[in-house]
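Since the structure comes first, as structure tokens, the remarks are kept for the end.
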């Protein structure tokens, strides 16, 4: 099974044929024989270096070939492969698009496939799916495009599920935070009640050098008892006086 990161590159004799025979008259036919030969030679050298995974050197050869054939879709395609291998995904994508813009139908399925790989590499799964589907329309028997399409669809589904889970967790955290926040008291009744309780508590505490509530109640009760006793004595004294007057009569 081909890895998702594998790119397709023209190599060996087929690369030479592609460069010379599949190019349009506008791209290659207008070049003088010496220029065509130079571009083909540099392209073959670049392909060899690419297969040896010597990507910086391959990039140099393809760039030199472009000096002779600046509009060659095959060179744009091969440059895209090198950039992709070096991790320069944006540059690779641009080269694949240039290859597609050159209207070389023989390169369309491969360029579109690799374009999908650039999107997959950056986790842009919807764009990758679109590219692989387009590649399959151009080449229905392409099993690599089919497998990568299935993988991109799976990753896209997982990505959506993770996003939904993340959104739910974020909402739950916000709800929990709101629940734990103190509720506002618009009337200020709690503050007023606290002051009243504080004043009440302060009133019940004995002043320094004063009487407690229990002591005051005992004194009051004693005074009431004394008043009752005095009243009783006065009443008895009045009765004695009345009795004395009656006897005088």
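Filtered by the rule that a residue be within 19 Å of residue 88 (Cα to Cα) and surrounded by fewer than 16 Cβ atoms within 10 Å (Cβ to Cβ), region 32-51 gives a lone residue, 51. Check whether at least one residue in region 60-73 is buried (at least 23 other Cβ atoms within 10 Å of the Cβ), under 30 Å from residue 153 (Cα atoms) and touching a residue at least 60 places away in the same chain (Cβ under 8 Å), and report yes or no. Scanning region 60-73 turns up no residue that is buried (at least 23 other Cβ atoms within 10 Å of the Cβ), under 30 Å from residue 153 (Cα atoms) and touching a residue at least 60 places away in the same chain (Cβ under 8 Å).
Residue-wise test of (1) surrounded by 17 or more Cβ atoms within 10 Å (Cβ to Cβ); (2) within 16 Å of residue 55 (Cβ to Cβ); (3) modelled with pLDDT of 95 or more.
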| residue | (1), (2), (3) |
| --- | --- |
| 106 | no, no, no |
| 130 | yes, no, yes |
| 140 | no, no, no |
| 145 | yes, no, no |
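The values are calculated or read from the model by the stated rules, or taken from the named source; none is laboratory data. A quick note: this is a predicted structure, and the numbers were derived from the prediction, not measured. When we count neighbours, we look across all protein chains shown, and the Cβ atoms used for this are built from the backbone with ideal geometry, even at glycine.
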